[in-house]
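Asker: Got a structure here, written out as structure tokens. Questions coming.
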Amino acid sequence: MILARQREKWLVLLLMTALMAMLLPVPKAEAAYQLVWSDEFNGPSINTNYWTFEIGTGSNGWGNNELQYYTSRPENARIENGNLVIEARRESYGGMNYTSARLKTQGKVNFKYGRIEARIKLPKGQGLWPAFWTLGEDIATVGWPRSGEIDIMEHVNNEDVTHGYMHWDAGGHASYGGSSFAFDVTQYHVYSIEWTPSYIKWFVDGVQFWEANIQNNINSTEEFHKPHFLLLNMAVGGNWPGSPDASTPFPAKMYVDYVRVYQDVGGSNPSDDIVSGGTYKLINVNSGKALDVAGAGTTPGTNVQIWTDNGTGAQRWTIYRNADGTYKLINTNSALALDVAGAGTADGTNVQVATDTGHAAQKWNIIKNPDGTYKLINPNSGKALDVASAGTADGTNVQIWTDNGTGAQKWQLIRLY
């Protein structure tokens, strides 16, 4: 979806295809997948804790000479009867003749490996190009195609097939993938990939139609061993589908029933079971009390303390994985970030909530202890989230302190939703 999908028979692509076919990994036992994140689109509006809108034309049609202007208007994206509806319209807007929507989880939710799926009903029509896909979370720093891209589902025009592709950098843009079997795309189907350290497989309704080998970074595929975020969009026009014509039905609607991500419960990282975009309460092991914003405050600089677990928004924290592998914790009541005051590094520096800026004072490494609890280490200071003097009383201050493995620095992370 970043560059035009012109499917030339490049010699280098043929060589890569041959190599991938020759070096596919030996099948192994099925992963013990469990659901780690989903959006069922059952709320009254699009969940902005998960999704951000791309706005505009991308200056050059998002690299594909597309013809739409992406908006965040409900006319183009909304929740309707338990579905996310992305609607392309023929109308003059922002200097373009069509509008649509493009949603992404960048900076909010990202994943490395797992089964990623969505149940979608697609429109048909000349010039329509709906897609469900991923990009590397580091795209802002490394650019495309070095970010990597996995197209879980793309559909163009009036075809009876969808397409699954991957794009990456191998001394220049490289791509690999192909078309599904024929089926009725205008009905609901589940589009998915299974993504492991060894391979990416593409499916429609659980039936595999393509596979790529990424084991040991073969063919420079290191882009597929790092976190990716999700995208849903419907482009109009562009180099692959061509322009709409008089036969194209507008408005054209793409219905997304759900998006779900499953991962292997074994996990390879100490914090693999932390769901980016999940909301948690943090219970201090020593005191049995919850990480809490004093007075349910919403002003930057409000103190963070421990308090009896009461289920309020002041004690709920949405955890997002940053592109560098650290995490930020956003309080659901205030939308402010867990922050080390003044970016301090000394033992006893106060912990507060502050406006989310992405500063190192708001980044935390979440590390699983052998007993199943977690410690949160601020990488700016190298120090742990700590309850002052190992206190157990309501209102005891939370600070940073040298990592010492005591109960005052151990937290249970209990996922709420």
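Where a number appears in this text, it was derived from the coordinates with a stated rule and is not lab data. As the structure is a prediction and not an experimental result, all values here were calculated from the model. Heads up, the Cβs are rebuilt from the backbone with ideal geometry, glycines too, and the neighbour counts pull from every protein chain shown.
Asker: Given R₀ = 30 Å, what would the calculated FRET efficiency be for residue 246 paired with residue 215, taking r from the Cβ atoms and rounding to 0.05?
Answerer: Calculated transfer efficiency: 0.05.
Asker: Once both labels are modelled 7 Å past Cα along the beta-carbon direction, what's the residue 90-residue 226 spacing in nm?
Answerer: It works out to 4.3 nm between the two label points.
Asker: Suppose the chain between residue 208 and residue 160 were pulled fully straight at 0.36 nm per residue; how much longer would it get relative to their current alpha carbon spacing?
Answerer: Net length gain for the segment: 15.6 nm.
Asker: What FRET efficiency would be calculated for the residue pair residue 403, residue 343, taking the C-beta separation as r and a Förster radius of 30 Å, to the nearest 0.05?
Answerer: 0.95
Asker: Please list, or write none, the aspartates and glutamates whose alpha carbon is within less than 13 Å of the alpha carbon of residue 281, excluding same-chain residues fewer than 8 places away.
Answerer: By straight Cα distance, residue 281 reaches 292, 309.
Asker: For residue 294, put the label point 7 Å out on the Cα→Cβ axis and report which residues of the range 334-368 keep their amide N under 15 Å from it.
Answerer: 339-342, 349-354
Asker: Evaluate 2.2 N^0.38 Å with N set to the residue count of the range 278-415, then give the Cα radius of gyration divided by it.
Answerer: So the Cα radius of gyration is 0.91 times the expected 2.2 N^0.38 Å.
Asker: Right, another one. Once the piece of chain linking residue 355 and residue 97 is laid out straight, how much longer is it, given 0.36 nm per residue of separation minus the C-alpha distance between them?
Answerer: Computed gain between residue 355 and residue 97 is 89.1 nm.
Asker: A further question follows. Calculate the dipole size of the chain relative to its Cα centre from +1 charges on Lys and Arg beta carbons and -1 charges on Asp and Glu beta carbons; express the result in debye to the nearest 20.
Answerer: The calculated dipole for the chain is roughly 280 debye.
Asker: May I pose another question? Please determine, in degrees from 0 to 90 and to the nearest 10, the orientation of helix 11-22 with respect to the longest principal axis defined by the Cα atoms of the chain, where the helix direction is its Cα long axis.
Answerer: 60
Asker: How big is the charge dipole of the range 278-415 about its Cα centre, in debye rounded to the nearest 20, if each Lys and Arg gets +1 on its Cβ and each Asp and Glu gets -1 on its Cβ?
Answerer: Result for the range 278-415 is approximately 340 debye, rounded to the nearest 20.
Asker: May I ask you to list the residues of the range 314-351 whose amide nitrogen lies under 15 Å from a point 7 Å from Cα along the Cα→beta-carbon direction of residue 389?
Answerer: Under cut-off, by backbone N: 348.
Asker: Continuing with this model, one more query. Using r as the Cβ-Cβ distance of residue 239 and residue 81, and R0 as 35 Å, what FRET efficiency do you calculate, to the nearest 0.05?
Answerer: My answer for the efficiency is 0.55.
Asker: Using Cβ counts within 10 Å as a stand-in for footprinting exposure, how do 179, 147, 59 rank, fewest first?
Answerer: Placing the least packed residue first, the sequence is 59, 179, 147.
Asker: Let me ask something else. Any chance you could run the full-extension gain for residue 188 through residue 35? It's 0.36 nm times the residue separation minus the Cα-Cα distance, nm to one decimal.
Answerer: Full extension of this stretch gives 53.0 nm more.
Asker: Which label belongs to the value computed from this structure, given these candidates for Kirkwood radius over Cα pairs in Å: (1) 22.8; (2) 22.1; (3) 23.8?
Answerer: Answer by label: (1).
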